[in-house]
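The values are calculated or read from the model by the stated rules, or taken from the named source; none is laboratory data. Small disclaimer: the values here were computed from a predicted structure and weren't measured. Quick reminder, even Gly has a Cβ in these numbers, built from the backbone with ideal geometry, and neighbours come from all protein chains shown. Remember, those area values only see protein heavy atoms, side chains included, never the ligands or the DNA or RNA. Shrake-Rupley method; radii C 1.70, N 1.55, O 1.52, S 1.80 Å.
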Amino acid sequence: MVDQTDHSFSVDVASRGDIDSVQGLKAEARNLSFFYGAVQALKSVNMPVYDSRVTALIGPSGCGKSTFLRCFNRMHDLTDHTRYDGEILFHPDNVNILRKSVDPIEVRMRIGMVFQKPNPFPKSIFENVAYGLRVRGEKNRSELADRVETALRDASLWEEVSGRLDSMAFNLSGGQQQRLCIARALATGPELLLFDEPTSALDPNATANIEDLIHRLREKVTILIVTHNMQQAARVSDYTAFMYLGELIEFSDTNTVFTNPNSKQTEDYITGRYG
Amino acid sequence: MIRENPSQSSVGSGSIDPGSRFAHSVGRHVGERIIEVLLFLAAFSAVAVTIAIVAILVFESTEFFKHVSLVDFLTDTQWTIMFADKHYGVLPLLAGTLVTTTVALMLAVPVGTVTAVYLSEFANPRVREVVKPTLELLAGIPTVVYGYFALLMVTPALQWFMPDLPGFNMLGPGLVIGVMIIPYVSSVAEDAMRSVPASMREGSYAMGATRMQTSLRVVVPAATSGIVAAYILGISRAFGETMVVAVAAGQQPNFTWDPREPGATITAFIVQVALGDLPHGSLEYQSIFAVGLVLVLMTLFFNVLGHLARKRFREAY
């Protein structure tokens, strides 16, 4: 079984074309199934997540792409009557992060997440970004100030907010709030960052900002992004996975998926014939 | 324009063709008006009753203040209206009210808040389904029962630790009022916490926060306006509470800030006088309107405070 999945990865890797031929793995899903009660939402998904690359998950509503994304930081643990089956190996540790003995808090310390709707906390801009550091017990003021500034710079928000770090986060615009949430996630130095349709609540201008940002962030952190918007997937990602009804239909480099997809279903979806 | 558009002319002219589809609108309009007036009267009746109560309080108090100066009323430290040597200082009653309310809040605020955090953030649904109705049952017990509970159970129990505690004191009733208002505090505070959007909790968990960190650092601050409203509701309830104090605190207007001493609150005094056989129009009779006015003003003050707090802390999720 394991050999087979490894084999299917190598086929994908061989077909990648213009992207650098050897790229390390950050994580990989192996025969991952997921259940809400008796309903199976993911059906034996196998997929690599390449290190320092952006991987986009696309597919029609209800295809399981968000469910899949939320397996990576064990968000489903917060809901009763859910069950994982299979594994997500996280590298370099080579540990299955879905194993019961792995503490979900530890997982979330290393895998950050940005949500569909900006969800800043009812705190100041500074405290929002410092939140992750504070829950990890960081108390040193200058250390906190440094890390907050770095995170805000990385999220391209520093220029806009440096003069009012003490004002409430709710006073920011929607796009700024979303960049604040990205800064919040970046502040703790995650190895993998999950984006769940991060621009679906934003106007086109703010969307363009966030897309630029995601494109630049891949130098620092591996990114997995769910998007409804295929142009967005094409713009920001290096790899694209197409999912349908809980199954992974196709995974390849983004260029191939959009210009020469293997599967008829993928082609129908990206050309807008359904979904 | 040379030729008038026929459809425009029928709309533009003042009279409505009785044969047209517009004919019934007048009748419907009258119906709507009647309903609107009825609805307004229903809403206004509550306002009218409030205004009437305040008006009567003010009117009767004016009679009282014709005989007693406002300065004496506010500064005299004795309230001996039933005795030969009469003093009309509201301070003892005010102190009694504040002492019992403070004792009650010192119990109800921490217990109510912790209960709300537990029910909203930690309890599994099955536990919540049992605990919530049980708590709300506390609010349904008649207050006179609480009064005897304070007199016959709580005070004797306290006397185990404090042998010098008199049989009538403000500590016992204060604690019992605290128990009584826990369900008010916890249920309003819990509603406030539960209405914090799930996306905010998810944001916190996704940062690697524990359940406790999420509750205390995100959910409670986000629900501050509702939690403050819960406290204000608790204060109003404790303030207006009558029977517990009347039964168990001794009905002795006593200017003291020590909860171990007997005392009387504004409400306890009102019930004492209202039940006695005082002649209508006497000064003693009018005094209950004066202290009643004080009570209304203080409750109003706390309601305004609560309103301001809600506005100050309201978050736009």
Taking helices (runs of 4 or more DSSP H) that do not extend beyond region B:18-118, which have at least 3 residues that are within 23 Å of B:Ala238 (Cα to Cα)?
B:25-67, B:91-117
I'm checking my understanding of the structure. Among residues of region B:282-317 that are free of Cβ contacts under 8 Å to residues at least 24 places away in the same chain and assigned to a loop (DSSP other than H, G, I, E, B), which one is nearest to the other protein chains (Cβ to nearest Cβ)?
B:Ala316
Of the candidates B:Ala246, B:Ala229, B:Ala150, the one satisfying the condition of being closer than 21 Å to B:Thr100 by Cα and buried (at least 24 other Cβ atoms within 10 Å of the Cβ) is B:Ala150
Which residue out of A:Lys100, A:Lys43, A:Lys117 is basic (Lys, Arg), touching a residue at least 40 places away in the same chain (Cβ under 8 Å), open to solvent by 40 Å² or more (accessible area, probe 1.4 Å) and part of a loop (DSSP other than H, G, I, E, B)?
A:Lys117
Any chance you could count how many residues in region A:164-188 are more than 12 Å from chain B (Cβ to nearest Cβ), buried (at least 21 other Cβ atoms within 10 Å of the Cβ) and assigned to a loop (DSSP other than H, G, I, E, B)?
0
Could we say that B:Met193 is more than 13 Å from B:Thr113 (Cβ to Cβ) and open to solvent by less than 50 Å² (accessible area, probe 1.4 Å) here?
no
Just the residues that are open to solvent by 60 Å² or more (accessible area, probe 1.4 Å) and under 23 Å from A:Asn205 (Cα atoms), please, taken from region A:124-162.
A:Arg153, A:Glu159, A:Glu160
Kindly indicate which of A:Val114, A:Val161, A:Val95 is of a type in the set (Val, Ile, Thr) and within 14 Å of another protein chain (Cβ to nearest Cβ).
A:Val114
Which residues, counting only those in region B:159-184, are open to solvent by less than 30 Å² (accessible area, probe 1.4 Å) and either over 19 Å from B:Thr265 (Cβ atoms) or not assigned by TED's automatic domain parsing to the domain that holds B:Thr256 (or both)?
B:Ile182, B:Pro183
Can you tell me how many residues in region A:233-275 are part of a loop (DSSP other than H, G, I, E, B) and in contact (Cβ under 8 Å) with a residue 12 or more places away in the chain?
9
Of everything in region B:144-158, what is small (Gly, Ala, Ser) and more than 21 Å from B:Thr265 (Cα to Cα)? Give them in sequence order.
B:Ala157
Would you kindly identify the helices (runs of 4 or more DSSP H) lying entirely within region B:143-229 that contain at least 2 residues that are within 14 Å of chain A (Cβ to nearest Cβ) and touching a strand residue (DSSP E or B) at 6+ places or on another chain (Cβ under 9 Å)?
B:198-206
